[in-house]
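Just below is one structure, and these are the notes that go with it.
The values are calculated or read from the model by the stated rules, or taken from the named source; none is laboratory data. The model shown is predicted, which means the values in this text are computed figures rather than measured ones. A quick note on method: Cβ atoms are made from the backbone with ideal geometry, for glycine too, and the neighbour counts reach across all protein chains shown. Keep in mind that these areas ignore ligands, DNA and RNA; they rest on the heavy atoms of the full protein, side chains included. Shrake-Rupley method; radii C 1.70, N 1.55, O 1.52, S 1.80 Å.
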Amino acid sequence: MIIFHRLKSLARWVFRRGEVERQLHDELESFIELTAKDKIRDGVAPDEARRLARLELRGVDQTKERVRWYRWGAQLDVLLQDLRYGWRSLTNQSGFTAIIVVTLAVGIGANTAVYSVVDATLLRPLPFRDPDRLMAVFLMEPSFTGSPSRIAWSYPKYETFRNNQQVFEDSALYRTDLINLTGDGEPERLRMEEVSAGYFPLLGVEAQLGRTFLPAEDAIPEQSFVTILSDRLWRRRFGADPSVIGRTIDLDLKPYTVVGILPAGFQALGQGGPADLWVPVHRLDSETLGQPWQHNWSLVARIKPDVRVEQAQSATTVLGRVIDQAHPDSANVRTSWGATAEPLEEFRIDPAIRKSVLVLFGAVSFVLLISCVNVANLLLARGNSRKREIAIRCAIGAGRIRVIRQLLTESLMLAILGGAASLAIAYASIYVLSVVNPFGAAFTFDRRLPGLTSLTLNSIRLDSRALLFTLAIAIATGVVFGLAPALQAARGNVTDSLKRGSDQIRTRHFMAGKGILVVVEIALAFVLLAGAGLMIKSLDKLLSTRIGIDPNNVLSARLTLAAGPGSPQAVAGFFDEVERRVASQPGVISAGLSSCHALEGRALDGRCGENIIRFPDRPKAPAGTEPTVGTLQVSPDYFKTMKIPLLRGRLFSSADRWGAPLVVIVNETAARRFWPGEDPIGKRVSVWFAAFTRGAEVVGVVGDVRYGPMDRPPRPDAYLPYKQAPPRTMILFGRTAGDPVSLVEAVRLQVSTLDHGLPIYDFKTMRQRVNDATVRVRFNVILLTAFAVIAIVLAAVGIYGVMSFAVRQRTNEIGIRMALGARSEDIVRQVVRQASRLILIGTAIGLAGALVATRVLSSALYEVDPRDPQTYVAIVMILVAAALLASYLPARRASRVDPSITLRMD
Amino acid sequence: MPKIDVPQGTLELLILTILNREPMHGHGISQRLSQLTANGFQVNPGSLFPALYKMEQDGKLAAEWRASDNNRNAKYYRLTRTGKKQLERERERWNRVKMLIANVLEGA
């Protein structure tokens, strides 16, 4: 309540100051009057009595001043006065002010931008009801090779889990897939999430229109075909028409009734990020749902309020054994499956992205530190030049506290101006970030970007938390880097400062402090330069990596046949016709088909996954040690279209079709690994994929292609003729003579004349896909380089500032030396030598720091040692050159000093 | 016997106690204090007024202008409810301090 009274009194002070002051005056006057009256009664003469009364009060004005001191309002007055004075002195030195504000804006702005990334990716609570009570539950699959891995659930296993557990309040399955939307308008390939009815209540999500799924709609297989749309799809495809509720739409050629629209903010948990629509798990038939070994769904569960996370985890481990017993692994030799649960929070961001976010945050805080050091430098230098002004203020009665307060107000004003300017920089950076989307872009259309990662990446924005962060940094900067100069200025001896020339006495001591700042700046800049240098070299290595294909002038797009009937021959025939028609387009050199493209990324599964390879002529390797090959289904012309060289044997031909003898082409790595020193042509292998399990003949060897991430060496691959094992999704490639993008419309037209309802999607040139594969690395490089450049510029400005200041301080001494016959080279050499010492110390410390700090980069570096000597030599040279230049300029100016002028100055 | 300055931190307690009986103006408070301590305590008006203003600002005292005994307008302070509560708290605290100090002095 006190605050209320204080505010009232503050308001009175602000709005009715005259009255408040008059009352205080009256009160004190009446006190004197009454006191005097007492004294007169005691026999003192009236005039004397009045004098004594005033004396007793120890001065009317002093008492008023003391009373005012307690008033909030009066404090406000002092503040306003400080602000006015500060503003005047800042605008008087607009150049100085501008440099500081820009320095701070760059430092703080970059930090705010990176902070909003950190906040979204690592800090902000997930946008679900009580997110800390949510757990991700996994099955554990014993691995062929190393440790068991987390995998998804089959429906029967989930039922066992659900019926036997006691620690979770509720649980829900979810899985993402792509689905064809047909009917009115252009057919589309959409991302759908297949979920339990309990999914939405579990996460605390309600429909903005209509409703979410009813338990009854997710209880009996193939009974309810209902769907919920995302806000985005609703607006884009249905023009936000509310009457869409109750209407039916065709998904994979089956009618589904729309029952609800989700709110705009909601994003799926499942792989790949934002889903377009949701369907219930029980749309599937009972056969699919009854397969215990079809591990399709992820599981999210909410722990009961009185259960601790660790309890839920150990309970899940026990449940794993129950599930293992209920569904014994009879078909396979692998035993001891299990289950595990982790807080959902753990999966909010891909670990690789987390790491690069943290590295960037570290780098950007270095930039801020350097900015702060620079600002402190400038403030110190200015504090020194204002010594006389401050001394005068002290001499006419300003208290030390008052002077410090004044100086602090000024540096806070600077910091807040800088902070405000920084918002523009932060805002622009976030905008650029959202356009480039460096993290998301690395994962293409149906790439397996974890849903939560996508969710957190999509939530990067400048919000109130980021603004608070900026404000906090700005104020901290203002206080910390304003305090030292303020204290220093206020400590000065008044008479000393009023005397001219006394500054020089202190120069030595003063320079030591500023010298440390220069050393710190150089060391920090060194570390940033080292990080950037290593990343640049790594990127260079990465970009010169041979992918194994020629990505220029190739267009690619995906085609997926809707799930449904269709013999393998019919599927193959359809794709064959598409390929033939595209190949005959004008400007097309050749066209090919493959189940995956080069640089698919980190998670290769399904179409591009690895399968066990066995050799009938050799003894079978024990389970868990059997070799695997990447398996791709391709058309004969795929190799020609991608310019993958044939090394031995032959390529596929149109004769390698359904029913013909099964054949396989292996890549160079497979040939070398499986048949060292032998010719693989004519050898028999069995690849655990469709009919190829029964055995096939190796007919050719082709060059290696990197299908995984760019930084991973090629794995052994086996190409199968797609007509002998037709997939439902294929990527179509067309090599063109001119710009491949010009082919897009022709391809779309050809596909729609063949099958009107078939979407063709994810059009990209191979060049784009290659760029996507390196976008994250390039982004890291660009940011680190930008930070390093800012750092080196700021450091150079700092050195320049300090050296100019030092030179100015010593103008006198230099003048005398020149009068005594020193040449200007001597003066330059002396100044530069002084700077060199600082530069060398800073470089040495920076080198040591960089050797430690860049270790965190080692996993992000490709074929570059974090201690790469070449990089370090280059950095030392750049940094020393910049620093020497920054100190040479003031030195040269010093050498032009005219002794006759400087000596007359004092 | 020389006058003693009001011990630090007790001025508020003394003001609250005096005003608890009846509203009073600054001069009255100072006189009352001298009376009650038989001139033993001396309160400097230069600290009295800031203390009064601070307490008024914090809502412990309320003030109004009225004519004083000798027909001069004076500012009269009285306790508010917050002030009364404060007085109780301060008094209790003081009693404890007194007791503890006495304990120490006797025990030593």
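Within the stretch A:726-747, track down each residue that is within 15 Å of A:Ile589 (Cβ to Cβ) and within 34 Å of the chain's Cα centre (by Cα).
Once the filter is applied, which keeps residues that are within 15 Å of A:Ile589 (Cβ to Cβ) and within 34 Å of the chain's Cα centre (by Cα), the stretch A:726-747 yields A:Leu732, A:Phe733, A:Asp739, A:Pro740.
Could you run through the stretch A:61-97 and say how many residues are part of a helix (DSSP H, G or I) and at the interface with chain B (Cβ under 10 Å from one of its Cβ atoms)?
Total meeting the criteria: 11.
Listed residues A:Ala53, A:Ala36, A:Ala120, A:Ala136; which is part of a helix (DSSP H, G or I), of a type in the set (Gly, Ala, Ser) and either away from chain B (no Cβ under 14 Å) or open to solvent by 10 Å² or more (accessible area, probe 1.4 Å) (or both)?
Only one candidate passes the filter, namely A:Ala120.
Return yes when A:Leu651 is touching a helix residue (DSSP H, G or I) at 6+ places or on another chain (Cβ under 7 Å), more than 28 Å from A:Leu749 (Cα to Cα), part of a strand (DSSP E or B) and open to solvent by 50 Å² or more (accessible area, probe 1.4 Å) and no when it is not.
no
Of everything in the stretch B:80-96, what is surrounded by 19 or more Cβ atoms within 10 Å (Cβ to Cβ) and within 19 Å of B:Gly28 (Cβ to Cβ)? Give them in sequence order.
Selection gives B:Gly83, B:Leu87.
For the structure I just gave you, tell me whether A:Ala381 is in a helix (DSSP H, G or I), in contact (Cβ under 8 Å) with a residue 24 or more places away in the chain and crowded, with 22+ Cβ neighbours inside 10 Å.
Taking the combined requirement at face value, the residue does not satisfy it.
With respect to A:Asp285, is the statement that it is open to solvent by 30 Å² or more (accessible area, probe 1.4 Å) and without any contact (Cβ under 8 Å) to a residue 24 or more places away in the chain true?
When the stated conditions are applied, A:Asp285 does not pass them.
So which residues in the stretch A:239-250 are under 16 Å from A:Trp278 (Cα atoms) and out of contact with any Phe, Trp or Tyr (no Cβ under 7 Å at 6 or more places or on another chain)?
Passing the criteria: A:Ile245, A:Gly246, A:Arg247, A:Asp250.
Condition first: open to solvent by 10 Å² or more (accessible area, probe 1.4 Å), farther than 23 Å from A:Lys640 by Cβ and outside any loop (DSSP other than H, G, I, E, B). Now tell me which residues in the stretch A:685-718 satisfy that.
A:Ser686, A:Ala690, A:Ala691, A:Thr693, A:Arg694
I'd like the full set of residues that are free of Cβ contacts under 8 Å to residues at least 40 places away in the same chain and assigned to a loop (DSSP other than H, G, I, E, B), limited to the stretch A:580-595.
Hits for the stretch A:580-595 are A:Ser584, A:Pro586.
Quick one: how many residues across the stretch A:297-327 are under 30 Å from A:Ala264 (Cα atoms) and crowded, with 19+ Cβ neighbours inside 10 Å?
Adding up the residues that qualify gives 7.
Of the conditions (1) open to solvent by 50 Å² or more (accessible area, probe 1.4 Å); (2) over 60 Å from the mean Cα position of the chain (by Cα); (3) facing chain B (nearest Cβ under 9 Å), A:Ser30 clears all except one; give me its number.
It fails just one condition, (1).
Keeping to the stretch A:256-268, report how many residues are open to solvent by 10 Å² or more (accessible area, probe 1.4 Å) and not in a strand (DSSP E or B).
Result for the stretch A:256-268: 5.
Filter the stretch A:1-24 down to the residues that are touching a helix residue (DSSP H, G or I) at 6+ places or on another chain (Cβ under 9 Å) and away from chain B (no Cβ under 11 Å), then identify the one that is most open to solvent (accessible area, probe 1.4 Å).
A:Arg17
Considering each of A:Leu754, A:Leu743 in turn, give the residue that is over 25 Å from A:Ala670 (Cα atoms) and modelled with pLDDT of 90 or more.
None of the other options fit; the residue is A:Leu743.
As an exercise: evaluate B:Leu19 against (1) within 14 Å of chain A (Cβ to nearest Cβ); (2) open to solvent by less than 30 Å² (accessible area, probe 1.4 Å); (3) within 21 Å of A:Ser30 (Cβ to Cβ) and give the number of the one condition it does not meet.
Condition not satisfied by B:Leu19: (1).
Only residues that are open to solvent by less than 40 Å² (accessible area, probe 1.4 Å) and touching a residue at least 24 places away in the same chain (Cβ under 8 Å): list them for the stretch A:609-626, please.
Correct list: A:Asn611, A:Ile612, A:Ile613, A:Phe615, A:Gly624, A:Glu626.
Please work out which residue is farthest from the other protein chains (Cβ to nearest Cβ), limiting yourself to the stretch B:39-79 and to residues that are open to solvent by less than 50 Å² (accessible area, probe 1.4 Å), over 14 Å from the mean Cα position of the chain (by Cα) and polar (S, T, N, Q).
Result: B:Ser68.
Which of the residues spanning the stretch A:866-906 are within 27 Å of the chain's Cα centre (by Cα) and open to solvent by 70 Å² or more (accessible area, probe 1.4 Å)?
Hit for the stretch A:866-906 is A:Arg867, nothing else.
Test each condition in (1) in a strand (DSSP E or B); (2) over 20 Å from A:Thr35 (Cα atoms) for B:Trp65 and report the one that comes out false.
The single condition B:Trp65 does not satisfy is (2).
Any chance you could count how many residues in the stretch B:84-94 are touching a residue at least 12 places away in the same chain (Cβ under 8 Å) and within 11 Å of chain A (Cβ to nearest Cβ)?
1
Here are the criteria: (1) closer than 30 Å to A:Pro187 by Cα; (2) assigned to a loop (DSSP other than H, G, I, E, B); (3) at pLDDT 90 or above; (4) of a type outside the set (Val, Ile, Thr). Tell me which single one A:Gly682 does not satisfy.
It fails just one condition, (1).
Looking at (1) closer than 24 Å to A:Ala894 by Cα; (2) open to solvent by 10 Å² or more (accessible area, probe 1.4 Å), can you tell me which one A:Ile839 breaks?
(2)
Please verify whether the stretch A:655-675 includes one or more residues that are farther than 30 Å from A:Asp350 by Cα, touching a helix residue (DSSP H, G or I) at 6+ places or on another chain (Cβ under 6 Å), open to solvent by 50 Å² or more (accessible area, probe 1.4 Å) and not in a helix (DSSP H, G or I).
The answer is yes, given that some residue of the stretch A:655-675 is farther than 30 Å from A:Asp350 by Cα, touching a helix residue (DSSP H, G or I) at 6+ places or on another chain (Cβ under 6 Å), open to solvent by 50 Å² or more (accessible area, probe 1.4 Å) and not in a helix (DSSP H, G or I).
Any idea which of (1) farther than 20 Å from A:Gly185 by Cβ; (2) at pLDDT below 95; (3) outside any helix (DSSP H, G or I) is the one A:Glu217 doesn't satisfy?
Looking at each condition in turn, A:Glu217 falls short on (3).
Just give me the residues in the stretch B:22-38 being within 14 Å of another protein chain (Cβ to nearest Cβ), surrounded by 13 or more Cβ atoms within 10 Å (Cβ to Cβ) and out of contact with any Phe, Trp or Tyr (no Cβ under 9 Å at 6 or more places or on another chain), in sequence order.
B:Gln31, B:Arg32
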